[in-house]
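Everything on this sheet refers to the single structure shown next.
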Amino acid sequence: PNQNLFEAAGLAALHAGKTKQAAELLDRSLALPGAGWRSWNARAVAADRQADWATSDKAYRAALRLAP
């Protein structure tokens, strides 16, 4: 598995309005070594769209740690 591939696919799904699919792809990205702030930030956006505030807060904090 390639972290960058899952990140790109997750971002594309997010932009296409496929929030559930985006969240699943981004979770796969985040499970791999080397996940960056973009994956975390996009996961937070997907969580916001799903009204999953706990996941959103966690993901935004992780993104902020990686890219203050």
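A few comments on the model shown:
- Test: residue in the stretch 6-27 that is touching a Phe, Trp or Tyr at 6+ places or on another chain (Cβ under 8 Å), surrounded by 15 or more Cβ atoms within 10 Å (Cβ to Cβ) and aliphatic (A, V, I, L, M): yes
- Residues in the stretch 34-65 that are farther than 17 Å from residue 8 by Cβ and at pLDDT below 95: there are none.
- Residue pairs meeting the criteria (Cβ under 8 Å; at least 6 apart or on separate chains; first under 20 Å from residue 21 (Cβ atoms), in the stretch 46-68; second of a type in the set (Asp, Glu) and surrounded by 13 or more Cβ atoms within 10 Å (Cβ to Cβ)): 56/48
- Within the stretch 16-27, the set of residues being more than 9 Å from the chain's Cα centre (by Cα) and either assigned to a helix (DSSP H, G or I) or among the β-branched types (Val, Ile, Thr) (or both) comprises 19, 20, 21.
- Just one of the listed residues (43, 65) is of a type in the set (Lys, Arg), assigned to a helix (DSSP H, G or I) and open to solvent by less than 80 Å² (accessible area, probe 1.4 Å), and it is 43.
- Residue pairs whose Cβ atoms lie under 7 Å apart, sitting 6 or more positions apart in sequence or on different chains, and linking a residue in the stretch 9-36 that is β-branched (Val, Ile, Thr) to a partner that is part of a helix (DSSP H, G or I), are 19/46; 19/49.
The values are calculated or read from the model by the stated rules, or taken from the named source; none is laboratory data. Note that the structure is a prediction, hence the values are computed from the model and not measured. Glycine gets a Cβ as well: all are built from the backbone with ideal geometry, and neighbour counts include every protein chain shown. Remember, those area values only see protein heavy atoms, side chains included, never the ligands or the DNA or RNA. Shrake-Rupley method; radii C 1.70, N 1.55, O 1.52, S 1.80 Å.
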